Amino acid sequence: MTAAELKLFFLLFYSLWPYYLVAVNISHLPGFNGELPFRLETGYVTMDEETGAELFYYFVESERNPNEDPLLLWLIGGPGCSGFNGLALDMGPLRFKADDFDGKLPTIVANPYAWTKLASMIFLDWPIGTGFSYSRNHKDYFTDDVHAKKLIYGFLKKWFLDHPHFLSNPFYMGGESYGGKMATLVAHEIVEGNEGGPQPLVNIKGYLVGNAITGDKVDKNSQVPHAYGLGIIPKEIYKLITKGCVGEDYVKPQNAACAAHLNVFNDYLSEINIYSILDPKCSDEPSSLEEIVGAGRSLEENSAQSLAQPSIPDTSCINGDLLANYWANNHLVRKALQIKEGTRGRWHRCDSNVYCDVLK
Ligand SMILES: *[C@@H]1O[C@H](CO)[C@@H](O)[C@H](O)[C@H]1NC(C)=O
């Protein structure tokens, strides 16, 4: 068979299983005033028929020229942080408005600086167990880098089979934090796959890495001089660590004196918001979410709940991260996004229980 015949065979093969991808176009979202000014698609891609593992994604079409603009698959880190972080808290087309939050449904607005003004983007809930991705089999909720990169490449191939008109667009693999590391692994997987055989040829042009994780020894060790440079720790602590921890991995120090100095350092860090040192340290998990989550409850209960007095969090802590948890757990939102009922309980912006270094 020629390459073209193989590709046709592959397309036909998948078309016999029409349920590997379910997608919907969404024109309105709760909390957003009017029609969305861009094309938003959400969907599930079945990754394992037997276990029922499905990956959920948000796809935003470029507002400029989707036929020619680049396509990016963007990965958030954690692992376990939803693609929603990209969609509404980062370079994506949406933003939360924090100043008028009344404890119920947060307001969302368009992000004037969105990358989706120039490029189409897929924001993926990876791995299984993140955001709205789910499985019937508990085992699918634990993974590692090797399985995850194959899962993500597998997702991409199925997405392209359902959206073949995007195969000719320049494709970029991207991600931030843990997703930045993963983007390089997936890019490699794509290049190997392109060489290897009968599958959609991904027109990969490059990869983008944002504040990627590089490994504990680099990331954690460099926190100390960085924190000292920012005035977060005093000179004495800085000196004790640099003298007492020579050659150590600051995450797992072997020397007891070094470990003691690092405990002091970690106490300092625990008091601040390490992601944005000038902002207050806040929890992004609402304390009384039961009042707003309607998923799986009766209609009567839902209307009774909406009458209940909502509790409004401390104003200095009303930020996008917190509002994301209010928004995505609202039953109207789940309906609008066409989340399959009963597949996920409480949604977490980030859930750290989806990954392990060694697969069991
Ligand atoms: C969504 O809209 C696009 C563009 O109008 C269309 O090509 C596509 O088939 C639609 N998808 C679904 C799932 O309805």
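The values are calculated or read from the model by the stated rules, or taken from the named source; none is laboratory data. The structure displayed is predicted, hence computed values, not measured ones. Here the Cβ is made from the backbone with ideal geometry for all residues, glycine too, and neighbour counts use every protein chain on show. Accessible surface is based on the protein model in full, side chains and every heavy atom, while ligands, DNA and RNA are left aside. Shrake-Rupley method; radii C 1.70, N 1.55, O 1.52, S 1.80 Å.
Side notes on the structure shown:
- Residue in region 81-91 that is at negative phi and open to solvent by 30 Å² or more (accessible area, probe 1.4 Å) present: yes
- Verdict on Asp140 being touching a Ser or Thr at 6+ places or on another chain (Cβ under 8 Å) and open to solvent by 10 Å² or more (accessible area, probe 1.4 Å): yes
- Taken together, Gly103, Gly129, Gly77 contain a single residue that is more than 16 Å from the ligand (Cβ to nearest atom) and on the phi < 0 side of the Ramachandran plot, which is Gly77.
- Matching residues, region 149-162, being free of Cβ contacts under 8 Å to residues at least 60 places away in the same chain and either open to solvent by less than 20 Å² (accessible area, probe 1.4 Å) or not assigned by TED's automatic domain parsing to the domain that holds Tyr58 (or both): Tyr153, Phe160
- Subset of region 265-283 (residues that are of a type in the set (S, T, N, Q) and outside any helix (DSSP H, G or I)): Asn273, Ser276, Ser283
- Scanning region 188-212 for residues that are open to solvent by 60 Å² or more (accessible area, probe 1.4 Å) and under 28 Å from Tyr238 (Cβ atoms) yields a count of 1.
- Asn25 vs. criteria modelled with pLDDT of 95 or more, open to solvent by 40 Å² or more (accessible area, probe 1.4 Å), closer than 26 Å to Gly206 by Cβ and within 15 Å of the ligand (Cβ to nearest atom): no
- Residues located in region 28-68, provided they are of a type in the set (Lys, Arg) and either more than 10 Å from the ligand (Cβ to nearest atom) or buried (at least 18 other Cβ atoms within 10 Å of the Cβ) (or both): Arg64
- All of (1) within 16 Å of the ligand (Cβ to nearest atom); (2) surrounded by fewer than 18 Cβ atoms within 10 Å (Cβ to Cβ) hold for Tyr113 with one exception: (1).
- Lone qualifier among Tyr14, Tyr19 - being within 14 Å of the ligand (Cβ to nearest atom) and modelled with pLDDT under 95: Tyr19
- Lone qualifier among Leu185, Leu167 - being out of contact with any Asp or Glu (no Cβ under 8 Å at 6 or more places or on another chain) and either farther than 23 Å from Tyr20 by Cα or hydrophobic (A, V, I, L, M, F, W, C) (or both): Leu167
- Tabulated pairs, region 233-256, first closer than 18 Å to Tyr268 by Cβ and in a loop (DSSP other than H, G, I, E, B), second open to solvent by 60 Å² or more (accessible area, probe 1.4 Å) and at pLDDT below 95, C-beta under 6 angstrom, 6+ apart or interchain: Val251/Asp216
- Cβ separations smaller than 6 Å between residues 6+ apart or across chains give no pair from region 39-55 residues that are free of Cβ contacts under 8 Å to residues at least 40 places away in the same chain to residues that are open to solvent by 40 Å² or more (accessible area, probe 1.4 Å) and away from the ligand (no atom under 16 Å from the Cβ).
- Residue under evaluation His226, criteria (1) under 27 Å from Lys181 (Cβ atoms); (2) exposed (fewer than 15 other Cβ atoms within 10 Å of the Cβ); (3) more than 32 Å from the chain's Cα centre (by Cα), criterion not met: (3)
- With respect to (1) in a strand (DSSP E or B); (2) at pLDDT below 95, the lone exception for Asp140 is condition (1).
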